[in-house]
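Working notes, beginning with the structure itself.
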Amino acid sequence: MKDELAAASSSVEKSMQYSLTNGDLMYYILFYTTADDYLERRAQYRSEHLAYAQAAQERGELMLAGALADPPDRALLVFKAESPSVAEDFARNDVYVKNGVVTAWEVRPWTVVIGG
């Protein structure tokens, strides 16, 4: 079992290295931290935000997105792109970020091992 795990881990690492060096698309998670009054403030910007996200999905960049609940203090958006700049540009231009509905954001690469 230990040898099987080591082999699987090695295979995943080789796959990651191949993807990163050959321009394949990678997953990136955009983490949003929302304002304390997020639920009240988002209403006036929601339709523009959703249209913006829908356009990113139609371009094949945004895979999944949604707010976390209980408490509604964060949101996650999963992008598939050649670099993190796609997710970073999305955040910089999002009406929620521009208007303080989202108070902080961070993009991290996501190594998908199962699925995707």
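The values are calculated or read from the model by the stated rules, or taken from the named source; none is laboratory data. Note that the structure is predicted; figures quoted are calculated from it, not measured. When we count neighbours, we look across all protein chains shown, and the Cβ atoms used for this are built from the backbone with ideal geometry, even at glycine.
Hey, could you check region 81-103 for residues that are touching a helix residue (DSSP H, G or I) at 6+ places or on another chain (Cβ under 9 Å) and outside any helix (DSSP H, G or I) and say which is farthest from His49 (Cα to Cα)? Ranking the qualifying residues of region 81-103, first place goes to Ala81.
Considering only residues that are assigned to a loop (DSSP other than H, G, I, E, B) and hydrophobic (A, V, I, L, M, F, W, C), look in region 68-80 and name the one that is surrounded by the fewest Cβ atoms within 10 Å (Cβ to Cβ). Filtering region 68-80 for residues that are assigned to a loop (DSSP other than H, G, I, E, B) and hydrophobic (A, V, I, L, M, F, W, C), the one surrounded by the fewest Cβ atoms within 10 Å (Cβ to Cβ) comes out as Ala69. Condition check: under 17 Å from Tyr96 (Cα atoms), part of a helix (DSSP H, G or I), modelled with pLDDT of 95 or more and touching a strand residue (DSSP E or B) at 6+ places or on another chain (Cβ under 6 Å). Does Ala53 satisfy that? Criteria met by Ala53. Within region 98-110, the set of residues being in contact (Cβ under 8 Å) with a residue 12 or more places away in the chain and either surrounded by fewer than 18 Cβ atoms within 10 Å (Cβ to Cβ) or over 20 Å from Gln44 (Cα atoms) (or both) comprises Asn99, Gly100, Thr103, Ala104, Trp105, Glu106, Val107, Arg108, Pro109, Trp110.
State all residues of region 32-62 that are within 12 Å of the chain's Cα centre (by Cα) and surrounded by fewer than 16 Cβ atoms within 10 Å (Cβ to Cβ); if no residue qualifies, say none. Selection gives Gln57 alone. Pairs meeting the criteria (first residue in region 39-68 and closer than 24 Å to Glu82 by Cβ, second residue modelled with pLDDT under 95 and of a type in the set (Gly, Ala, Ser), beta carbons under 8 Å, at least 6 apart or on different chains) are lacking.
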